[in-house]
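The values are calculated or read from the model by the stated rules, or taken from the named source; none is laboratory data. Note that the structure is predicted; figures quoted are calculated from it, not measured. Cβ atoms come from the backbone with ideal geometry, glycine included; neighbour counts cover every protein chain shown. Only protein heavy atoms, including side chains, enter the accessible area calculation; ligands, DNA and RNA are left aside. Shrake-Rupley method; radii C 1.70, N 1.55, O 1.52, S 1.80 Å.
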Amino acid sequence: MKRWTILSTLTIGAALLAGCASTGPSPELVDARRTYHQAVASPAQHYVPAHVLAARQALDRAESAHADDAGSFEERSFAYIAQRKAQLAMTYGSYAQAQRERALSEQAYNRAQERMRERARADAQRAQAALAQTRQELGEIRRALSAQDDRVSEQAQQLMAREKELAAREAELAASAGALENERAARKNAEMTAAAALKSLQDVAMVKEEARGTVITLSGEVLFASGKSELLHTARERLAQVAQALKEIGDEKVILVEGHTESRGSDALNLTLSERRAGAVRDYLVGQGVDASRIRAEGRGEHEPIADNSSAEGRANNRRVEIIIQDSNRAR
Amino acid sequence: MHLGKASGLLALVALAAATGCGSAAVPVGQVTETQASIRAAHELGAERTPLAAMHLKMARDQVQAARAYMADGDNAEAWYLLKRAESDADLAIALTREAEMKRKAAQSRHRIEELGERAQ
């Protein structure tokens with residue numbers, strides 16, 4: 001374009017000086033024709049056809065002037081103008097093209113921005129959803145922790161209650177141990193008392209420990225007359241001592257009074273006699289204050305001898321009353 | 001400065017019209033149109049675009065030459081020179097606008113390229 005302008009500038013003066021001697025197209029017309037064809041081939045034809053047409057019209061006037069008066073100032077001037085209009089058309093074509101490119105770029109920019117905004121919105125939505133989920137999970141964790149706290153609190157209360165209960169039981173145990181100790185001491189005292197009481201009987205009866213319990217054996221000779229079941233006067237004194245001892249041995253003991261005879265006489269008679277004698281002793285002991293519910297009487301007759309019935313001494317030993325002191329759980 | 005020259009030219013045109021010399025009429029209308037185009041090119045900032053500035057200068061030079069023709073009573077030649085000057089001034093306007101639009105288009109391209117880089 002610069003070249004065209006320089007050429008055009010140079011030809012202004014040349015045209016004014018040269019006159020109309022030439023019959024060929026002036027340099028301006030040559031340039032105008034070439035530039036016009038460039039304009040037609042350029043985007044100007046598409047974007048700004050009116051400007052191309054104006055260039056065409058100016059070129060036509062130049063051509064007409066050339067036909068009328070070749071090399072005239074008119075020809076050169078219209079050729080000059082036609083070239084400028086062709087350049088103008090190309091420039092506005094370029095302008096329109098740039099404008100279109102700019103519009104396309106702006107549209108692309110707006111679309112890209114919209115996509116970015118959409119992505120940002122989507123990201124924000126995802127972030128919000130993630131945040132909501134996190135909040136929900138946090139809430140669940142808090143609720144779980146709260147429930148756990150409740151359970152721990154409840155367990156602590158249960159533990160405290162158990163500790164209290166344990167303390168109470170320990171106190172009870174201590175009390176029980178004390179009571180047991182007291183009981184043991186009392187029992188020991190009772191046993192000592194019973195032992196002392198039983199020992200005191202050794203002067204009036206034979207006392208010995210057997211598997212069935214403590215057996216106090218009183219000879220039948222000192223208790224009853226022969227064949228009788230009434231207590232002799234001397235027997236009452238001894239039984240009074242026995243009764244005293246039995247009262248001292250404690251309530252947990254039961255007492256069995258067994259009557260025994262020798263083998264002379266009928267079996268039935270001996271059994272009856274032994275029962276009566278046992279009963280008489282029991283009655284007397286009850287009369288002396290021994291608890292009736294703890295004492296019973298049984299006759300064994302001649303069936304459980306402790307000596308040989310063939311001798312007088314043996315028969316005397318077999319005639320007897322045994323008072324058996326037993327633990328209540330061992331009583332037969 | 002250009003307005004001063006324009007005023008001088010109009011005075012010359014008026015003088016030529018008053019004297020009535022030459023066969024063609026004094027191209028008063030064309031002077032006005034050409035000066036309007038030159039003023040528009042100047043106001044658009046044609047001097048800041050090298051090619052536009054060159055055409056603007058050519059327009060002014062041709063107006064100056066036309067003034068000389070009109071002073072000699074050669075109004076027909078003066079008219080042609082004023083038309084040529086107008087076409088140069090119009091081209092200067094177009095070149096200025098084209099340069100500005102190309103600058104804006106480049107800016108838009110650059111902006112979208114930047115956006116693409118940011119999006120990556």
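With viscosity set to 0.692 mPa s and temperature to 37 °C, compute the Stokes-Einstein D of chain A, Rh being the Kirkwood radius across alpha carbon pairs; µm²/s, no decimals.
It comes out at roughly 99 µm²/s.
Under a 5 Å amide H to amide H cut-off, with H placed in plane at 1.01 Å, what residues pair with A:Gly71 once short-range neighbours are removed?
When sequence neighbours closer than 5 places are left aside, the close amide H contacts are A:Ser26.
Residues with beta-carbon under 10 Å from that of B:Ser87, excluding B:Ser87: net charge, scoring Lys, Arg +1 and Asp, Glu -1?
Around B:Ser87, the surrounding residues sum to +1.
To the nearest 20 debye, what is the magnitude of the charge dipole of the protein assembly as shown about its Cα centre, counting +1 on the Cβ of each Lys and Arg and -1 on the Cβ of each Asp and Glu?
Value, rounded to 20: 1300 debye.
What residues qualify as long-range amide H neighbours of A:Thr214, i.e. H under 5 Å apart, gap of 5 or more or another chain, H built at 1.01 Å from N?
A:Ile325
Comparing A:Val254, A:Val204, A:Val48, which has the greatest mean-square fluctuation in the GNM of chain A with Cα pairs linked when under 10 Å apart?
The residue that fluctuates most here is A:Val48.
Quick check on my link table: of B:Lys57/B:Lys102; A:Lys208/A:Lys247; A:Lys164/A:Lys188; A:Lys199/A:Lys228, which ones sit more than 27 Å apart, alpha carbon to alpha carbon?
A:Lys164/A:Lys188; A:Lys199/A:Lys228
Under 18 Å Cα to Cα from A:Lys253, which aspartates and glutamates show up? Leave out anything in the same chain fewer than 8 places away.
Cross-link targets: A:Glu183, A:Glu191, A:Glu209, A:Glu210, A:Asp283, A:Asp291, A:Glu298, A:Glu322, A:Asp327.
Would you tally the net charge around A:Asp203, using a Cβ to Cβ cut-off of less than 14 Å, leaving A:Asp203 out, and scoring K and R as +1, D and E as -1?
+1
Name the most mobile residue of A:Leu138, A:Leu285, A:Leu53, meaning the one with the largest mean-square fluctuation, in a Gaussian network model of chain A with Cα contacts below 10 Å.
The residue that fluctuates most here is A:Leu53.
Note down the net charge around A:Ala55, summing +1 for each Lys or Arg and -1 for each Asp or Glu among other residues with Cβ under 10 Å from its Cβ.
+2
With all protein chains present, how much of the accessible area of chain A (probe radius 1.4 Å) comes from carbon and sulfur, to the nearest whole percent?
Roughly 52 percent of what the probe reaches on chain A is carbon or sulfur.
Give the shape of the stretch B:29-120 as rounded, prolate or oblate, defined through the alpha-carbon gyration tensor: a ≥ b ≥ c are the square roots of its eigenvalues, a/c under 1.5 means rounded, and otherwise the shape is prolate if a/b is larger than b/c and oblate if not.
Because a/c hits 1.5 or more and a/b exceeds b/c, the stretch B:29-120 counts as prolate.
Of the candidates A:Ile306, A:Ile81, A:Ile141, which one comes out as most mobile in a Gaussian network treatment of chain A with C-alpha springs shorter than 10 Å?
Between A:Ile306, A:Ile81, A:Ile141, it is A:Ile81 that shows the largest mean-square fluctuation.
Mind checking B:55-67 for the average number of partner chain beta-carbons within 10 Å of each residue's beta-carbon?
2
Can you give the angle from 0 to 90° between the axis of helix A:27-41 and the longest principal axis of chain A, with both taken from C-alpha atoms, to the nearest 10?
Value to nearest ten degrees: 30.
Using protein chains only and a probe of 1.4 angstrom, how many square angstrom of B:Asp72 are accessible, to the nearest 10?
110
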